[in-house]
Amino acid sequence: MTFSRADLPEGFVFGTATSAYQIEGHRFGGAGPTHWDSFAATPGNVVRAEDGATACDHYHRWEEDLDLVRDANFDAYRFSTSWARVMPDGRTVNPEGLDFYDRLVDGMLERGIKPALTLYHWELPSDLSDRGGWTNADMPGWFGDFAEVVARRIGDRVWSVAPINEMWCVAWLSHFLGEHAPGLRDVRAAARAVHHVLASHGRAVEALRGAGVANVGAVCNFEDSRPADASAGAAEAAARYHAIYNLLFLQPLTGGGYPDLVLEGIGAHLPRGWEGDMKAIAAPLDWFGVNYYTRRNIAPNDGPWPHLHDVPGRLERTAMGWEIWPQGLKATLELVAGHVDVPIYVTENGMAAPDEVHRGEVRDPARIDFLNRHVDCARAAMDAGVDLRGYFVWSLLDNYEWALGYEKRFGLVHVDFESLERTPKTSWHAMRDALRRTP
């Protein structure tokens, strides 16, 4: 790496991240079915119809995986609880599920790792999905109950908590674009999901505070949206995409309400009385998390609202087909800093690459370069005045990449999905060396 721990301020937190359904193995420990299981079982939704039934078997191999976090000299580990493991039907507690997260948190603390908890990273219990899931006005109540159950079991030992990972993906990608479970393409469903996700966040913050949990934040994903050309139409389309992707959740969470450019399309479909929820949605936070991967080049089209499409750019790309644009991380951090008055963390940043084991090694120089360039831009944002307190690499392990199955590898550690053998990549070794503490 071209950076070291000494290049960042004292106390700057370096971490790595995963999520429950992507690594744990969902057929273990009394977990209930999720809408991702049924989404994957429907032909055409997921590459090779793969699901998270076994994943990386983290449920049984968690000690080995936490050793990998510790041995890479990371300060913190961002993990998530599976709602369907803790409450298989979304409402009834599964003691075995809570016991697992109890052991996991204690295991982090024993290794000197800060537990950074995300309550929900996308696997909704099927029973709640059957009731309309995020389109159902009862979701904030159900989610608040889940938050309280988890908080009362492990909330006294976690370093931080975020209620929901990447609300845009939970609501928009899944209900308007249809690319993730439940796979809807319905503007009315999307509008309701957007609002109920935000209201659920607000209810969870209330529940967490009530349970005495400190250091509560929010995590949103961002893309640096640019006009595809110099035309007025492209500028207008890029502004609308920016509102949908970057401002739709950031503004309500920080007291600014829904962006006008989004209300044009979804305002008529929001739940009746939605205005009454906005104060709770904007409950004070202790920190704000930024997930950043790429940029988009936006042009107008002739279709219905939002009248835009993504134009392929000419920059180098990751295995996801995403352009590598580190400058966008600095721009995003500055954007968020303009809306919040709390510390900011880069809660996800990383890349997929076609990594293979060769003679017992996995060489991934492209990922090392990617991380170097993005950390450099994070440091530039700090130099420009952004109160950035930490940086988390996505991901610790190669894992289940949702609709792309096991085909895309983001990990610092290679996982053979047949033998489940873990092989640290050269990027893992590079991070270990960069983060080594000097006596």
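Given R₀ = 41 Å, FRET efficiency for S231-D186 by Cβ-Cβ distance, to 0.05?
Efficiency at R0 = 41 Å is approximately 0.85.
Within the P(r) computed for the stretch 1-94, what percentage of the Cα pairs occupies the region above 19 Å?
53
As a check on your grasp of the helix formula, calculate [θ] at 222 nm for the chain: sum -39500 (n - 2.57) over DSSP H runs of n ≥ 4, divide by the residue count, round to the nearest 500.
-10500 deg cm²/dmol
Given Cα pairs under 8 Å that are at least 6 residues apart, what percent is the relative contact order of the stretch 76-133?
RCO, the stretch 76-133: 51 percent.
Under the definition of Cα pairs under 8 Å and six or more residues apart, what whole-number percent is the relative contact order of the chain?
The normalised contact order for the chain reaches 18 percent.
Whole angstrom only: what separates the Cα centroid of the stretch 192-224 from the Cα centroid of the stretch 60-74?
The stretch 192-224 and the stretch 60-74 have Cα centres spaced 28 Å from each other.
Of W172, T118, S160, which is farthest towards the positive pole of the stretch 118-172's charge dipole, taken about the Cα centre with +1 and -1 on the beta-carbons of Lys, Arg and Asp, Glu respectively?
S160
Hey, how much of the P(r) for the chain falls beyond 38 Å, as a percent of Cα pairs?
15
What FRET efficiency, computed as 1/(1 + (r/R0)^6) with R0 = 45 Å and r the Cβ-Cβ distance, is obtained for R363 and H307, rounded to the nearest 0.05?
It comes out at approximately 0.55.
Would you work out the relative contact order for the stretch 42-151, in percent, from Cα pairs under 8 angstrom that are 6 or more residues apart?
29
Over the chain, with every protein chain in place, what whole percent of the accessible area is carbon and sulfur at 1.4 Å, could you tell me?
Here carbon and sulfur together make up 48 percent of the probe-accessible area.
Charges at C-beta only: +1 for Lys and Arg, -1 for Asp and Glu. How large is the resulting dipole of the chain about its Cα centre, in Debye rounded to 20?
Around 480 debye, computed over the chain.
Provide, for q = 0.20, 0.25, 0.31 Å⁻¹, the log10 of I(q)/I(0) from a solvent-free Debye sum over equal Cα point scatterers in the stretch 336-377.
-0.75, -0.93, -1.08
Grab the alpha carbons of the stretch 33-168, take their convex hull, and tell me the volume per residue in Å³.
Hull volume normalised by residue count: 122 Å³.
Where a Cα-Cα gap under 28 Å defines reach, which lysines qualify for K330, not counting those fewer than 8 residues away within the same chain?
K114, K408, K425
What's the percent breakdown of Cα-Cα distances in the stretch 141-293 across 10 Å bins, shortest bin first?
11, 38, 34, 13, 3, 0
Say R0 is 60 Å: what FRET efficiency, to the nearest 0.05, do L263 and E421 get from their beta-carbon distance?
Between L263 and E421 the formula returns 0.75.
The values are calculated or read from the model by the stated rules, or taken from the named source; none is laboratory data. Note that the structure is predicted; figures quoted are calculated from it, not measured. Note: ideal-geometry Cβ built from the backbone for every residue, glycine included; neighbour counts use all protein chains shown. Quick note on the areas: whole protein, heavy atoms, side chains included, nothing else; ligands and nucleic acids left out. Shrake-Rupley method; radii C 1.70, N 1.55, O 1.52, S 1.80 Å.
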